[in-house]
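Below: the structure, in structure tokens.
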Amino acid sequence: MARYHEPVCRLCRREGMKLFLKGERCFKEKCAVERRSYAPGQHGKRRNKMQPYGLQLREKQKVRRVYGVLERQFRRYFAEANRQKGVTGENLLRLLETRLDNVVYSLGFASSRSQARQLVRHGHVTVDGRRVNLPSFRVKPGMEVALKEDVRTNAFVVEALETAQGRGVPPWLELDSANFRGKVVALPTREDIRLPIQEQLIVELYSR
């Protein structure tokens, strides 16, 4: 499946904020947003007034890039969120948050969602004791997510877990860092999602 293979720091600069796509680098002085806070390209320093459609489009692109999903996949998530009961925007964020790769990242087993996706793809993650290699696998309350023993001593995993302890684990997840496992105790609420997202703009975009 197609993926973005260009420098991801350009994506953060384009959105004008840190999307935390590079893990530990995002917290250091080398972060591209800290060094060059304008959009990439020769016209990046120009500040054009954004129209309503542009604001909606940028919000959608930001969410897509944060969770690492493609356009067609994102549309499917929105269609499903729209069919569900409740607020469409909150349903959309809940579907994205409960992706297996995002849960692995939120538990602190990886320093970024792309690293978490790689762990899942390579078969290093189990759900309720069974190996799952689909990053888009949707976790449900009561499920237990763990790392396989052969990757627990990996330097990247150990470093990510140490860094994540300062970041904290969302309240809808429960972490057992000693055994490299976590449990989904509930579905995430809007208050649990700490990302600066205006999901209503996305709903307005797809409702045009």
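Assorted remarks:
- Within the range 176-195, tally of residues that are of a type in the set (Val, Ile, Thr), surrounded by fewer than 16 Cβ atoms within 10 Å (Cβ to Cβ) and outside any loop (DSSP other than H, G, I, E, B): 0
- Restricting the search to helices (runs of 4 or more DSSP H) fully inside the range 77-173 and requiring at least 3 residues that are closer than 28 Å to Leu205 by Cα and either touching a strand residue (DSSP E or B) at 6+ places or on another chain (Cβ under 6 Å) or not basic (Lys, Arg) (or both) gives 88-97, 100-106.
- The set of residues in the range 105-137 being among the aromatic types (Phe, Trp, Tyr) and buried (at least 24 other Cβ atoms within 10 Å of the Cβ) consists of Tyr105, Phe109.
- The set of residues in the range 189-208 that are out of contact with any Pro (no Cβ under 9 Å at 6 or more places or on another chain) and among the basic types (Lys, Arg) comprises Arg190, Arg208.
- Within the option set Thr153, Thr126, Thr163, being of a type in the set (Val, Ile, Thr) and touching a residue at least 40 places away in the same chain (Cβ under 8 Å) holds for one residue only, Thr163.
- Within the range 63-76, the set of residues being assigned to a helix (DSSP H, G or I) and either touching an Asp or Glu at 6+ places or on another chain (Cβ under 9 Å) or of a type outside the set (Lys, Arg) (or both) comprises Val63, Arg64, Arg65, Val66, Tyr67, Glu71, Gln73, Phe74.
- Candidates Leu93, Leu147, Leu70 - the one that is more than 25 Å from Thr189 (Cβ to Cβ) and not assigned by TED's automatic domain parsing to the domain that holds Arg167: Leu70
- Of all residues in the range 151-174, none are farther than 25 Å from Arg65 by Cα, surrounded by fewer than 14 Cβ atoms within 10 Å (Cβ to Cβ) and in contact with a His (Cβ under 9 Å, 6 or more places away or on another chain).
Conditions tested, residue by residue: (1) at pLDDT below 65; (2) within 17 Å of the chain's Cα centre (by Cα); (3) of a type outside the set (A, V, I, L, M); (4) surrounded by fewer than 16 Cβ atoms within 10 Å (Cβ to Cβ).
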position	(1), (2), (3), (4)
Glu34	yes, no, yes, yes
Lys45	yes, no, yes, yes
Asn48	no, no, yes, yes
Gln56	no, no, yes, no
Arg64	no, yes, yes, no
Arg75	no, yes, yes, yes
Thr88	no, no, yes, no
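The values are calculated or read from the model by the stated rules, or taken from the named source; none is laboratory data. None of these values were measured; they are calculated from a predicted model. Note that we place each Cβ from the backbone using ideal geometry, even for glycine, and neighbour counts take in every protein chain shown.
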